[in-house]
1. Given Cβ point charges of +1 (Lys, Arg) and -1 (Asp, Glu) and nothing else, what value in debye, to the nearest 20, does the dipole of region 350-420 about its Cα centre take?
2. Is region 362-499 best put as rounded, prolate or oblate by its Cα gyration tensor, with a ≥ b ≥ c the root eigenvalues, rounded for a/c under 1.5, and otherwise prolate when a/b is larger than b/c, oblate when not?
3. Give the angle, between 0 and 90 degrees and rounded to the nearest 10, that separates the Cα long axis of helix 369-380 from the longest principal axis of the Cα atoms of the chain.
4. Between the helical axis of 342-352 and the dominant principal axis of the chain, each derived from Cα atoms, what acute angle in degrees is found, rounded to the nearest 10?
5. Along the charge dipole of the chain, Cβ charges K/R +1 and D/E -1, which of Ile505, Ile297, Pro355 sits furthest on the positive end?
6. Could you let me know the centre-to-centre spacing of region 37-94 and region 408-472, using Cα atoms, in angstrom?
7. Over the chain, what is the relative contact order in whole percent, taking alpha-carbon pairs under 8 Å and six or more residues apart?
8. Would you mind getting me the FRET efficiency between Ala218 and Glu20? Use the beta-carbon distance for r and R0 = 41 Å, nearest 0.05.
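The values are calculated or read from the model by the stated rules, or taken from the named source; none is laboratory data. What you are looking at is a predicted structure, and each value in this text was computed from that prediction instead of being measured. Please note: Cβ atoms are built from the backbone with ideal geometry, for glycine as well, and neighbour counts cover all protein chains shown. Just the protein is used for accessible areas: all its heavy atoms, side chains included, with ligands, DNA and RNA removed. Shrake-Rupley method; radii C 1.70, N 1.55, O 1.52, S 1.80 Å.
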Amino acid sequence: MTILDNEILPPSLAGLLTDEQRQAVIEAPREKRLEALSAALARPESEVLNKLATAAGLDVATNLETDPDARGLLPARLVHEYQIIPIRFNGTSNGAPESTAPGAGSTEPGAGERQETGDRRQETANTAEDLSPDSSHLSPDFAPLHLATAWLPDDVMAHWVHTFTPRPLAWHLAVPERVHQLIIENFGVGSGSLEDTDDGYVAPEAQKQTEEVVDEDAAVVRFVTDVISQAIEDQATDIHFEPQEGQLRIRYRVDGLLVPVPVPENLLRFQDAIISRLKIMARMNISEKRLPQDGRINFKAHGIVLDIRVSTVPTIYAESISLRLLNQKKEAFTMDRLGMSANEQAQITHILDYPHGIVLVTGPTGSGKSTSLNAFLRKINSTDLRIITIEDPIEYEIPGVNQMQVRPEIGLTFADALRHVLRQDPDVIMVGEIRDRDTAEIAIRASLTGHLVFSTLHTNDAPGAITRLVDMGIEPFLVASAIELVIAQRLVRRLCMECSRPAPITKVKLLENLSILGCDPAQAEPIDVLKAPVGCDRCRGTGYRGRIGIFEIFRLNDDMHELVLKRESTRTLADCARKHGMRTLGQSGWEKIKAGYTTFDEVLRVITVTDS
């Protein structure tokens with residue numbers, strides 16, 4: 001294996017890049033260099049990883065498993081800094097027989113500096129084969145230490161590792177995301193920041209106590225930054241710091257599901273400091289621990305600016321803190337990216353061309369309602385329309401649109417803001433949520449006086465939005481006249497495109513699931529296989545990566561208009577809508593399953609199944 005001396009890239013690959021591209025790769029963090037090289041070469045990361053390994057004389061390790069016996073050899077800070085992890089290795093690395101590199105297993109000074117020839121590479125490979133497959137006859141101090149790395153090792157790395165272990169090193173390239181995941185799983189998020197000082201690096205006893213406090217404070221600052229940065233990396237929407245008996249639990253909400261985050265073993269010792277740090281960042285009163293508080297953090301890291309909403313509540317052990325991450329600059333979703341079919345887009349686009357009326361999007365918290373509304377606004381946004389939004393919070397910035405943040409603490413509620421917006425000569429109004437009768441009445445009157453209004457409601461299905469407005473006290477004739485379209489939606493996890501595979505499904509199971517979703521049993525006839533999750537390095541073993549929407553589109557016609565005036569139930573409205581061709585959430589989910597985007601388990605998890 002080649003250990004690079006001063007060169008970040010092997011010459012064979014460096015020659016393919018311009019000076020600017022080469023500089024971009026060199027300046028990228030170790031875990032991002034493969035991504036930067038892949039972008040520069042305009043090739044998939046998996047292909048570039050193999051080319052990089054070939055050029056460096058390394059193998060690519062897959063299906064990584066950490067070596068528990070070697071985990072304690074290296075300090076967490078070193079592992080995080082260089083993105084390396086000790087792995088188990090059987091000598092074949094899942095079909096990749098080339099296991100170590102020239103100089104990698106040598107502890108001689110300068111062994112990694114030699115520029116080997118093909119003969120020398122083969123000679124070292126043979127030596128590795130003698131050591132690697134069965135090192136049981138060797139003492140633990142001389143058994144090769146197999147390390148997976150996100151990028152090519154260099155002399156500095158090797159020397160630092162040898163500072164902590166005399167074992168010969170065997171390097172393997174691996175998918176950076178998987179290496180990073182294993183580091184987090186085994187050492188904990190932010191473990192490099194909170195790591196206890198090694199005995200060899202203890203400061204002199206004459207060191208002042210104040211300096212120790214400063215060091216601890218700095219460690220907590222780094223840890224909180226690491227936790228938030230990792231959440232951004234994992235595309236989490238929320239972070240929860242939850243004090244429990246004997247531990248501080250941290251969880252992310254990723255793709256709608258709560259995921260426990262591995263944490264350093266000594267985290268409890270820093271619990272009070274971490275909570276205080278978060279409250280200071282959110283400009284809260286750190287001495288008030290008995291009352292809930294709300295605040296905001298403007299967080300900047302890696303070129304990303306986040307608006308983080310912070311909420312604290314007192315619990316029996318300490319304050320529980322929740323962070324909602326809002327990236328206002330992130331790439332906006334189009335209707336295509338939301339997962340809408342051509343037919344669904346056509347129905348919605350037709351209504352978006354209307355000069356007035358109300359378009360409602362319904363669903364539980366976290367179902368993507370605001371994302372959909374922003375996609376609609378971007379669709380109609382033009383220089384000849386004045387668009388004003390009233391939001392809490394502002395989740396996306398839309399160029400050319402006037403966006404207003406409600407502030408209930410100073411009396412600026414949705415209803416009050418909407419009254420003032422109507423004096424601003426708007427053509428289109430977006431109200432973040434209809435929460436009460438006042439907001440509903442003003443929104444409906446605005447739509448009846450020539451404005452196109454978008455808003456959201458919390459209901460289980462699309463027809464339920466009609467009865468919810470009537471229950472709020474809005475006259476049925478106003479609801480029937482103003483509502484043009486109601487869209488119910490849910491988000492389901494999308495199957496990983498890298499590893500999902502067709503799997504057989506029994507007719508009995510298929511018919512049972514179709515019945516639950518309310519689909520025609522005849523649709524089961526041609527189906528004998530459906531895509532299923534597998535799990536790989538790219539999706540971190542879950543089988544899913546990202547999310548996609550399923551939709552139920554409800555449009556009032558003359559028959560349903562009469563039912564609304566008669567104050568009929570949601571079920572009656574839903575039955576009538578289905579007779580007129582409305583596709584339910586279950587049926588939309590089945591279409592996504594057939595297309596290979598998701599699974600029955602995911603669809604059944606997110607939709608409300610009612611008795612037939």
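1. That gives a dipole near 140 debye.
2. It is oblate, given that a/c is not under 1.5 and a/b is not larger than b/c.
3. Roughly 70 degrees between the two axes.
4. Its long axis makes an angle of about 50 degrees.
5. Of the options given, the answer is Pro355.
6. Going from one Cα centre to the other spans 53 Å.
7. Here the relative contact order equals 9 percent.
8. 0.70
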